[in-house]
Each structure stands twice: as C-alpha cells, then as structure tokens.
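The values are calculated or read from the model by the stated rules, or taken from the named source; none is laboratory data. All values derive from a computational prediction rather than experimental measurement. In this analysis, Cβ positions are derived from the backbone assuming ideal geometry, glycine residues included, and neighbour counts consider all displayed protein chains.
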Amino acid sequence: MIQIMQDKDMFSDNSNDEKGHITALAPYSVSKNSRRKNLRKAKSGRAALSNPANRFSHYASDYDAQAKNNKTQILTETTKQIVTKNNSPDIGFKKSINPYRGCEHGCIYCYARPNHAYMDLSSGLDFETQIFAKKNAAERLRAQFSKPNYKAETICIGTATDAYQPIEDECQITREILEVFLEFNHPVSITTKSSRILKDLDILRQLAQKNLIHVTMSITTLDSSLARIMEPRACTPQKRLDAIKTLSASAIPVSISLSPVIPAINDYEMEAILEAASIHGATCAHYIILRLPLDVKQLFSEWLAMHFPDRARHVLSILKSMHGEKLYDATFGTRMKGTGPYAKMLQNRFNRATKKFSLKKNSPLLSTQYFVPPVPSQTQLDLFEDITKTTLQDIQPEYTSSIAA
Ligand code: SF4
C-alpha cells in the first residue's frame, strides 16, 4: 500500500511505516505561481530558495526583499584564533583554517550552511550573500607559528567554506595566509572548487619544491547545466579540470574530491569524473555521500522539488536507505559513506574506478622538517638588551637604598 503524505511531511525523517519500511512520498506539487516564483529565484544565480529562521533566534529574514538586492555583502570579522582544531575520528585532518565565513559559491548541499546561525543569520540565502572576511587571519597565523614550542603539522585551508570564492579577488586573505605558510616553511593543504587558486601559483610552486603543499579540487559533475543550478557561483567543471592540469604540470600534487555523491542526481557520473580528473593530472581521489545536517535538509529538499520534481522522492528514498531510514545520520564512521546496499554499490564502483584510473585513496604526506620558527632579529635583541640595562640601572639605586634602610 502506498502511503500518500502531506507536502509538509514530504521530506521529514518519519516517512516509515510501522514496520520501519520506507514508504512512498507524495509527488511534489506546487501551484503554477509558486513554480514561476521559484524559477525566478533559480535564475538569480543563487541556489537557496528560502531563508529559514536560524535555530537559535528563530529569525527569518525576508527572502524576496533580500533577493531583490541580490548583492553579495562583505562583512569584516576580527578573529582571535584562526586555526580550528578538529577531533572527529572520521576526518583526515586535525587543524584547519577558513578565511571566510559563508560562501558565495552557494552550493545547495553545503554542510557548512548551518554555521551561519552563529552569526544570527540564515543558512539559506544569507549564507550565500552575507560573507564574513577574517581580515586579521594572516597576522593571527603568524602569531600562532611564533609561539614557543609550536609544532608543525599540516593545516587544511577551506574545509568548511571556500578560500577561493569570488571575494578573494578583493580581500586577498588566502594569499596573505599562504605567504605566512611560505615564510615559515609550514605544510598546507587546500580544498577548493575554484580555478582562482591559479592566481597564487607563484607561492604554491615554491611550497611544492619542499613538499609543503597539496591541493584537492572538488568536482561533483561534468555537466555544466547541473553545476549551474547546484553550485551556481562556483567555476565550471571544465575550468576546475583545467586548473588540475595546470597545478599538476607545476609539480603540485592534486587530489579530486567527488563530494557529495547525490543518488540519482550525479552518482551516475562517478567513473566519468574520476577518469577526467586522472587524465588532467589528479593522482588521488575520495568521495563523500550527500549529508543533510539541520537546515540543509529543508534547503536541499526545496531545491530538489524545484529542479527535479520527477525524481525527488526517489533521491530522498535512496538517501534514507543509506542513513538508517533517516535523511541524515551523524554517527561517526558511517556518516561519510553511509550503510546498506546502495552505499556498498557506490563503494565498489569507486574502488573499481580508482584502480582503473590509477588514483590513490590517500593524499601524500607533507613535510614538517623545514618548519623554521622565527628568530628574533638582531635589532630586536639589541632593543631587548637596552631595555634590560635601563631597567636594571633604574631599579638599582632603589634596591640598594631599601637594603640599606
Ligand atoms: S564551495 Fe564548498 S564551501 Fe562553498 S558553498 Fe560549495 S560546498 Fe560550501
């Protein structure tokens, strides 16, 4: 028996019958007016079709009013700590830097969207338009590297938001950070969806000479029309492939990240993407299945219903089959690859394809042996000696007299 659900329940996690089987969901149906309105939104170069209230303040800004302006706003943030530590057992890095908060690329599936709630903003349109630039990032990084007993280990840039999103042209924060990495000979790994990274090729080349750099290019589709609606302001898949080629030709090791794999949307492209990346010079590969934490469930579901009404039910149904009948399960160890037959099939396909196209699964280990902590300059030492002498001379008479007394 097919259980027809109300629209509001369409994407809920509770679409199981009493026996726990996944039940069929109602087909998406929107009025002509809503569809026309949504189409207008889709043409705005933004992926989110709403601006849900954030989970802390329940404030929702007016999507339509904001979309009318449709401009990206750069806001300045001063940060105390630029390096973030991560202890998740299923993530391959311990330290990361995100020069920006929010991302203009606006990928609809982006798991970083809910972080905008910490700025009292929505994970919807706000995330794509209200971008915070951490202007003092390079200064904070230099301070961190200069700490006594600092121990170098690879730091990943762009793990939550893209370090080469369009405002980097204006702000240049990522470039400033890379200059600090180079100054200290510190290993760094960058993940991006942008060919804008090539603007820093001069620095990346120098880092590569000492095995201090690794780049991961994220490619989710080779179909530019799918990319346009799914990742509206990221550069085209072809540009990303060309960037892999240029980086690789400059002796900079490049991996390909096929993340996220979305069932019935881009999963059929897995082999083609891996082959193209390999041909262009990528040497390693990994993938993560679609993850829908918090508000991303709603945003992705709206987008899916808008652009793929014919298969929205199917996509979500497969997704649930990989997450223990839920749209998202955050359990460590299974959240990235999922469980069940569909997840297993993806894994098998990935294993076969990486073997066929000679792609390794682990990124190369970067070197920490060249890290050089700063030595105080002679001028600073002279200054320090002068201050010490002056202070001692100044306090000496008092000290003597107090003993005498
Ligand atoms: S490029 Fe990365 S950080 Fe930016 S929206 Fe897409 S997934 Fe999120």
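Please pick out the residue among 251, 264 that is of a type in the set (A, V, I, L, M, F, W, C), more than 28 Å from residue 347 (Cβ to Cβ) and away from the ligand (no atom under 16 Å from the Cβ). Only one candidate qualifies: 251. Taking the range 119-141 as the range and being more than 9 Å from the ligand (Cβ to nearest atom) and in contact (Cβ under 8 Å) with a residue 60 or more places away in the chain as the test, the residues that pass are 120, 121, 122, 123, 124, 125, 126, 129, 140.
Tell me yes or no: at least one residue of the range 105-118 is modelled with pLDDT of 95 or more, more than 15 Å from the ligand (Cβ to nearest atom) and touching a Pro at 6+ places or on another chain (Cβ under 6 Å). Within the range 105-118, none of the residues are modelled with pLDDT of 95 or more, more than 15 Å from the ligand (Cβ to nearest atom) and touching a Pro at 6+ places or on another chain (Cβ under 6 Å). Kindly list, by first and then second residue, each pair from a residue in the range 229-250 that is touching a residue at least 12 places away in the same chain (Cβ under 8 Å) and closer than 18 Å to residue 275 by Cβ to a residue that is within 11 Å of the ligand (Cβ to nearest atom) and among the charged types (D, E, K, R), limited to pairs with Cβ atoms under 9 Å and residues at least 6 apart or on different chains. Pairs that qualify, where the first residue is touching a residue at least 12 places away in the same chain (Cβ under 8 Å) and closer than 18 Å to residue 275 by Cβ and the partner is within 11 Å of the ligand (Cβ to nearest atom) and among the charged types (D, E, K, R), are 240/193.
Would you say residue 153 is more than 16 Å from the ligand (Cβ to nearest atom), within 18 Å of residue 365 (Cα to Cα) and among the charged types (D, E, K, R)? The answer is yes for residue 153.
Within the range 272-303, the set of residues being crowded, with 21+ Cβ neighbours inside 10 Å and either hydrophobic (A, V, I, L, M, F, W, C) or without any contact (Cβ under 8 Å) to a residue 12 or more places away in the chain (or both) comprises 273, 274, 277, 282, 285, 289, 290, 292, 296, 299, 300, 303. Restricting attention to the range 168-188, does a residue exist that is out of contact with any Phe, Trp or Tyr (no Cβ under 8 Å at 6 or more places or on another chain), of a type in the set (Val, Ile, Thr), farther than 16 Å from residue 86 by Cβ and away from the ligand (no atom under 12 Å from the Cβ)? Yes, there is a match, as at least one residue in the range 168-188 is out of contact with any Phe, Trp or Tyr (no Cβ under 8 Å at 6 or more places or on another chain), of a type in the set (Val, Ile, Thr), farther than 16 Å from residue 86 by Cβ and away from the ligand (no atom under 12 Å from the Cβ). In the set 62, 90, only one residue is away from the ligand (no atom under 16 Å from the Cβ) and surrounded by 11 or more Cβ atoms within 10 Å (Cβ to Cβ); that residue is 90. Report whether or not residue 218 is closer than 21 Å to residue 338 by Cβ, at pLDDT 95 or above, within 15 Å of the ligand (Cβ to nearest atom) and within 15 Å of the chain's Cα centre (by Cα). Yes; evaluated as a whole, the condition is true for this residue.
When 177, 155 are screened for being touching a strand residue (DSSP E or B) at 6+ places or on another chain (Cβ under 6 Å) and at pLDDT 95 or above, only 155 passes.
Number of residues in the range 283-315 that are touching a Pro at 6+ places or on another chain (Cβ under 9 Å), assigned to a helix (DSSP H, G or I) and aliphatic (A, V, I, L, M): the value is 4. For beta carbons closer than 6 Å, sequence separation of 6+ or different chains, a first residue in the range 86-114 that is touching a residue at least 40 places away in the same chain (Cβ under 8 Å) and under 27 Å from residue 151 (Cα atoms) and a second that is assigned to a helix (DSSP H, G or I) and more than 9 Å from the ligand (Cβ to nearest atom), the qualifying pairs are 99/137; 99/173; 99/174. Here the range 57-85 is the region considered, the condition is being without any contact (Cβ under 8 Å) to a residue 40 or more places away in the chain and charged (D, E, K, R), and the residue that is nearest to residue 236 (Cα to Cα) is 68.
Flag not set for residue 331, criterion: touching a helix residue (DSSP H, G or I) at 6+ places or on another chain (Cβ under 8 Å) and surrounded by fewer than 18 Cβ atoms within 10 Å (Cβ to Cβ).
Got a number for residues in the range 195-215 being within 13 Å of the ligand (Cβ to nearest atom) and under 21 Å from residue 93 (Cα atoms)? Result for the range 195-215: 1.
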